[in-house]
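The values are calculated or read from the model by the stated rules, or taken from the named source; none is laboratory data. Owing to the predicted nature of the structure, the values given are computational and were not obtained by experimental measurement. So basically every Cβ, Gly included, is an ideal-geometry build from the backbone, and we count neighbours across all protein chains shown.
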Amino acid sequence: RAAWRRALSHVPQLGVIVQVVGIHHLVQKYVGDVTLIMGPSMMPTINRSGDILIYETRSVRRDELKPGNIVILKSPKDPDQILCKRIIATEGETVEVESAYSTWGSTKVFVPKGHVWIQ
């Protein structure tokens, strides 16, 4: 009986934890979050040694993405990896891509509906 009383005495704290986790999830999904970004790919906008970014998630749902925007996304090759890239073009635009492996120089790529080109 004493063990049950001790266990049940923690139920109110468990409820608070569940509420905090739930609220955090909703804020992450519908408002935004904070993340640490490190690496040279976004220099000089973001420092190589790392910057803490506050980002919002509403623009994606409102179709407000445009060239020049910085976006944070999951890597298509490794969903556990988070990438920070800049939008170069949006749907309907054409991007000229320089290929290090092509003897023809550059290739033009059409960005399909519902997609963006990032680098």
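Of the numbered conditions (1) modelled with pLDDT of 85 or more; (2) in contact with a strand residue (DSSP E or B) (Cβ under 6 Å, 6 or more places away or on another chain); (3) exposed (fewer than 13 other Cβ atoms within 10 Å of the Cβ), ASP80 satisfies every one except a single condition; which is it? For ASP80, the exception is condition (2). For the stretch 31-39, the count of residues that are of a type in the set (Ser, Thr, Tyr) and free of Cβ contacts under 8 Å to residues at least 40 places away in the same chain is zero.
Conditions (1) surrounded by 10 or more Cβ atoms within 10 Å (Cβ to Cβ); (2) not assigned by TED's automatic domain parsing to the domain that holds VAL95; (3) not basic (Lys, Arg), marked per residue:
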{"position": "ILE23", "(1), (2), (3)": "yes, yes, yes"}
{"position": "LEU53", "(1), (2), (3)": "yes, no, yes"}
{"position": "GLU56", "(1), (2), (3)": "yes, no, yes"}
{"position": "GLY68", "(1), (2), (3)": "no, no, yes"}
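Among the residues of this structure, SER49 does not count as one that is touching a residue at least 40 places away in the same chain (Cβ under 8 Å) and among the hydroxyl-bearing types (Ser, Thr, Tyr).
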